[in-house]
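The block underneath contains the structure these notes are about, expressed in structure tokens.
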Amino acid sequence: MSIPARIKQDLPFLTSLRRDLHAHPELGFEEERTSGIVAKLLEEAGIAVHRGLGGTGVVGTLKVGNGSRTIGLRADMDALAMPEVADRPYKSTVPGKMHACGHDGHTAMLIGAARHLAATRGFSGTVHFIFQPAEEGRGGARRMVEDGLFELFRCDAVYGLHNMPGLAVDELAVVEGPQLASSDSWRLTFRGTGTHGAKPHLGRDPITAAGTFLSSLQTIVGRVVDPLQPAVVSACSLRAGDPKALNVIPDVVEIGGTARAYSPDVRDQLEGEIGRLAKGTAAMFGIEAQYEFERRIPPVVNDSGSTGRALAAATAVFGERVRTSFPPSTAGDDFAFLAQKAPGCYVWLGNGPAVDGALHHNTAYDFNDEALGYGAAYWVALVERELVPEA
Ligand SMILES: [Zn+2]
Ligand SMILES: [Zn+2]
């Protein structure tokens, strides 16, 4: 187990930084205060800073020696629109906003690594410290990519990290392959011909069609997708008719839901199959179906080369406490947009036991400061091992 002494000495600072960010949460694309603090700390460490990429995003660039390899390390900065219920000295000062996903910790750990690397300069090459806005569903990573992240800051590999309650703070899970699911939305409108509820033969009933569609929906996962490939299709919204007009068959039924997968092929399959079922059901009932599949976030799938390098760095810090097997999450992370542009690896850093059962997105969740040194040490080890000075 090795956390560099300089990082240990920096822990009181990093802890107070983390708690200050926790007390002042900002939602996606509103991280003015947070990104201001990040940019100032990077500049004070002697790191070149680019502000305002993807709205409130910040990229710090540290080039040492003449190594040509370049890597990107990502931390997300945003909080969630929910109230903090638990009482703590650094409780959120903003009603209805809180750091319930530990992004305050992610930001502090990457700052810790940047300060250490800028002072010790024990590598040869370029590191881009990518501080991303709006990870929680508002599309910050995509905005940074669209704003030219990879044109301005070439990356031969990109790395992400998320805290994980349930793993001890001295544990890190580094696993090749799928880590987080794709997160897509689908919408469907069945359009029939409305009529009197007593005279269904004079219209075309979209409600009965919707019933048939919904009762067949799970056959996509059960009968079409490879049983060895995880997939979720859920209908989460259904709208039709009016409870005050129970003698009216409406013209239109609207259905919507989510689709999740871990492989691009299954993702394509879900898009195609939900549409096929919708069109087929509509044909069966002589009505029309309008179908839309919105691709929101691709799956995060760890590249084998990057994962091998992450594992070597993790082993240097965590020794036998590195886990190489850990179940993927059905949640999504828009780090996927970065990992589409450069080979990447996303790891899970232990955050200790779930205090009072509070997990991510719980009104009592709090990043565990005991993890700060481990996370910063992992970033440092990754840079020093991936950007090795030539002998
Ligand atoms: Zn979250
Ligand atoms: Zn998160």
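The values are calculated or read from the model by the stated rules, or taken from the named source; none is laboratory data. What you see is a predicted model; the values in this text were computed from it and never measured. FYI the Cβ positions are ideal-geometry reconstructions off the backbone, even for glycines, and counts take in every protein chain you see. We work out accessible area using only protein heavy atoms, side chains counted, and drop any ligands, DNA or RNA first. Shrake-Rupley method; radii C 1.70, N 1.55, O 1.52, S 1.80 Å.
Before moving on, here are some points about what is shown:
Condition check ((1) surrounded by fewer than 19 Cβ atoms within 10 Å (Cβ to Cβ); (2) part of a loop (DSSP other than H, G, I, E, B); (3) touching a residue at least 12 places away in the same chain (Cβ under 8 Å); (4) away from ligand 1 (no atom under 16 Å from the Cβ)) across all residues:
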site: Thr307; (1), (2), (3), (4): no, no, yes, yes
site: Ala331; (1), (2), (3), (4): yes, yes, yes, no
site: Asp356; (1), (2), (3), (4): yes, no, yes, yes
site: Leu359; (1), (2), (3), (4): yes, yes, yes, no
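- Test: Gly105 is open to solvent by less than 10 Å² (accessible area, probe 1.4 Å), in a helix (DSSP H, G or I), closer than 23 Å to Asn368 by Cβ and in contact with a Lys or Arg (Cβ under 9 Å, 6 or more places away or on another chain): yes
- Only one of the listed residues (Lys63, Lys8) is under 21 Å from Gly375 (Cβ atoms), of a type in the set (Lys, Arg) and either open to solvent by 40 Å² or more (accessible area, probe 1.4 Å) or under 23 Å from the mean Cα position of the chain (by Cα) (or both). That residue is Lys8.
- Some residue of segment 53-62 being of a type in the set (S, T, N, Q) and assigned to a helix (DSSP H, G or I): no
- Test: residue in segment 83-91 that is among the aliphatic types (A, V, I, L, M) and more than 16 Å from ligand 1 (Cβ to nearest atom): yes
- The residues of segment 30-63 that are over 10 Å from Ala114 (Cα atoms) and of a type in the set (S, T, N, Q), listed by number, are Thr34, Ser35, Thr56.
- None of Asp76, Asp104 is closer than 21 Å to Ala310 by Cα and within 14 Å of ligand 1 (Cβ to nearest atom) except Asp76.
- Residue within segment 118-132 that is within 14 Å of Gly28 (Cβ to Cβ), in a loop (DSSP other than H, G, I, E, B), within 16 Å of ligand 1 (Cβ to nearest atom) and open to solvent by less than 10 Å² (accessible area, probe 1.4 Å) present: no
- The residues of segment 361-375 that are over 20 Å from the mean Cα position of the chain (by Cα) and open to solvent by 10 Å² or more (accessible area, probe 1.4 Å), listed by number, are Ala364, Asp369, Glu370, Tyr374.
- Enumeration of residues in segment 304-338 that are within 16 Å of ligand 2 (Cβ to nearest atom) and over 12 Å from Gln179 (Cβ atoms): Asp334, Phe337, Leu338
- In segment 133-174, residue farthest from ligand 2 (Cβ to nearest atom) [restricted to those that are in a helix (DSSP H, G or I) and either in contact with a Lys or Arg (Cβ under 7 Å, 6 or more places away or on another chain) or at pLDDT below 95 (or both)]: Phe150
- Test for Arg115: is it assigned to a loop (DSSP other than H, G, I, E, B) and either of a type in the set (D, E, K, R) or open to solvent by less than 10 Å² (accessible area, probe 1.4 Å) (or both): no
- Filtered residue count, segment 337-354, keeping only those that are of a type in the set (A, V, I, L, M) and surrounded by fewer than 24 Cβ atoms within 10 Å (Cβ to Cβ): 2
- Residue in segment 193-204 that is closer than 30 Å to Tyr346 by Cα and open to solvent by less than 70 Å² (accessible area, probe 1.4 Å) present: no
- Residues of segment 66-86 that turn out to be farther than 30 Å from Gly122 by Cβ, surrounded by 16 or more Cβ atoms within 10 Å (Cβ to Cβ) and not small (Gly, Ala, Ser), as a count: 4
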